[in-house]
1. For the range 62-110, compute the orientation-averaged projected area of the C-alpha convex hull (one quarter of its surface), in nm².
2. How large is the translational diffusion coefficient of the range 34-128 in µm² per second when you combine the Kirkwood radius over alpha carbon pairs with Stokes-Einstein at 25 °C and 0.890 mPa s?
Amino acid sequence: MVRAGPLACLALSVLVLAEAVDKYEEGRFAHINVDEVLGNQRILGSFIKCFLDEGPCTADSRDMKKLLPEVIDSKCERCTDNQKKMMAKAVKHVKDNRPEDWERLTNKYDPDHTKTEDIDKFISDALAM
């Protein structure tokens, strides 16, 4: 059973982060099945609403939301390879399938759109691992 909380969806992210000094802790969000979240519009929508401050957050989505700015700024530098793949999959899904939500997330977390190329490169590199 998937616990509601991208995104990240970004997030989601988001689905893959934890607070550690060098790398994010591998198992922190391991219980979240990214494919199930991305395949369930209700759950995905709740992640997005949390990240946009438009709805309630679960404990997991709240933790992810706190880490989003760092993840975006660092291109998920502290993420493990598995976390990078999960993050890239989630971001690509939202970009491709929910472009209006992606635009709103981008406007919130990258209002000057200075990270667009970095995000696209991150997705490409992470999915190629």
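All of the numbers you see were taken from the coordinates with simple rules; none came from a lab. Given the structure is predicted, the values throughout are model-derived calculations rather than measurements.
1. Details: hull surface 13.7 nm².
If you wrap the Cα atoms of the range 62-110 in a convex hull and average its projections, you get 3.4 nm².
2. Values: Rh = 13.6 Å.
Translational diffusion coefficient: 181 µm²/s.
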